[in-house]
Amino acid sequence: MKVSVIVPVYNVQNYLHYALESLLAQTYTDYEVILVNDGSTDDSGRLCEEYASRYDHVYYYAKANGGQSDARNYGVAKAQAEWVTFLDPDDYLEPYSLSLMIELQRRYKADLVSTKVELTTVYEAYNGYTLMEADFRLSTSSQAEALEAMLYNHEATVSACGKLYRKSLIESHPFPVGKIYEDFSVAAAHVLAAQTIVVSPLVTYHYYQRSGSTVNSNFSLKHYDFYDAVEANRALLPGFGNQAERVEAALNIKCVAGSFRLIDLIANAKQYGELDGIRRRLRVYQDTVRQSHHVSLQFKLKYQLFLWTPRLYLLVRKRNKT
């Protein structure tokens, strides 16, 4: 079964080879690589051309800059396989990644396979794991269970990475162009469009956190796209039927957790006037946070402190970082 691996590329000349070498090391071999150069101004395009000229299953496309969402959608349109997965150009995969996802799809006839994403600040830190039969003995997840796992970061994330999609899911619900947090925006849409979902606790994907990546860059008003993504998911809650309330609780927790990261960016930029707006947004989740069994006491205290006095919250944050 062929799979298309879509790699959106933008100004990553110092990192791209790690991603591509991890693809070339895959134990599963029936795949193609779609490199989409999204208007890079460095040597990324040349590197893509080199790999495409050396390997018959690597295809290179260049387009005007349209952002990561546009590049991903473009790659899906070029994909020849029925199954697609995404690899960001500064991340890397475990050698067994495609093998695991493809075998899980085969066994369970899944439309969506989700695996674990691991944060790293080191390249080529492979875990050296060999797949065993037990890794394939999983049960399918309901749509509500799958989205909950992603929202709580339990064995899954809302990222498009570390997942195998039936291509029609992306074609029916493309990534919103011009937004960041674009994969989060369509998480519920993709889950609801999938009839069968499998969630694996095994790490297949290493997310390399660098300062210049899209959601870890300096604060800008674009980071408020996060709240648009929250509401895009909230609009689809009725699709979960009698499970909608538990999914909404997970979405509310995701909103608070994501806001903590946004607060860090705002504090680093010293744009303290933005904090009042976030405080107003978060006040409505007090019951959810207080009653949740999915977050720690530290999380709850952190949340309450920010609501009480953002200034003291920032002082505690600064002290904990020193």
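The values are calculated or read from the model by the stated rules, or taken from the named source; none is laboratory data. Everything numeric here is computed off the predicted structure, so don't read it as measured data. Methodologically, a virtual Cβ is constructed for each residue, glycine included, from the backbone with ideal geometry; neighbour enumeration extends over all protein chains shown.
Checked against the criterion of being over 29 Å from MET132 (Cα atoms), of a type in the set (D, E, K, R) and crowded, with 20+ Cβ neighbours inside 10 Å, the candidates ASP38, ASP91 yield just one match: ASP38. Is at least one residue of region 114-136 touching a strand residue (DSSP E or B) at 6+ places or on another chain (Cβ under 7 Å), at pLDDT 95 or above, surrounded by fewer than 23 Cβ atoms within 10 Å (Cβ to Cβ) and closer than 18 Å to LEU236 by Cβ? No, there is no match, as no residue in region 114-136 is touching a strand residue (DSSP E or B) at 6+ places or on another chain (Cβ under 7 Å), at pLDDT 95 or above, surrounded by fewer than 23 Cβ atoms within 10 Å (Cβ to Cβ) and closer than 18 Å to LEU236 by Cβ. Here ASP88 fulfils each of the conditions (1) in a helix (DSSP H, G or I); (2) in contact with a Cys (Cβ under 7 Å, 6 or more places away or on another chain) apart from (1).
Pairing each residue of region 226-248 that is under 16 Å from SER141 (Cα atoms) with any residue that is basic (Lys, Arg) and part of a helix (DSSP H, G or I), provided the two are 6+ apart or on different chains, yields C-beta distances under 9 Å for PHE240/ARG246. Checked against (1) touching a residue at least 24 places away in the same chain (Cβ under 8 Å); (2) part of a helix (DSSP H, G or I); (3) closer than 15 Å to ALA146 by Cα, PHE260 passes all but condition (3). Among the residues of region 37-58, is any under 18 Å from LYS167 (Cα atoms) and touching a helix residue (DSSP H, G or I) at 6+ places or on another chain (Cβ under 8 Å)? No, every residue in region 37-58 fails to be under 18 Å from LYS167 (Cα atoms) and touching a helix residue (DSSP H, G or I) at 6+ places or on another chain (Cβ under 8 Å). Residues that are in contact (Cβ under 8 Å) with a residue 12 or more places away in the chain, of a type in the set (Val, Ile, Thr) and in a helix (DSSP H, G or I) occur at least once in region 164-177.
The condition of being touching a Gly at 6+ places or on another chain (Cβ under 9 Å), at pLDDT 95 or above, outside any strand (DSSP E or B) and crowded, with 17+ Cβ neighbours inside 10 Å does not hold for TYR205.
Restricting attention to region 1-56, the residues that are part of a strand (DSSP E or B) and either within 16 Å of GLN80 (Cα to Cα) or out of contact with any strand residue (DSSP E or B) (no Cβ under 9 Å at 6 or more places or on another chain) (or both) total 11.
The residues of region 91-122 that are of a type in the set (Val, Ile, Thr) and in a strand (DSSP E or B), listed by number, are VAL113, THR115, VAL117, THR120. Residues that are under 22 Å from the mean Cα position of the chain (by Cα), more than 30 Å from PHE136 (Cα to Cα), of a type outside the set (Lys, Arg) and buried (at least 22 other Cβ atoms within 10 Å of the Cβ) do not occur anywhere in region 96-112.
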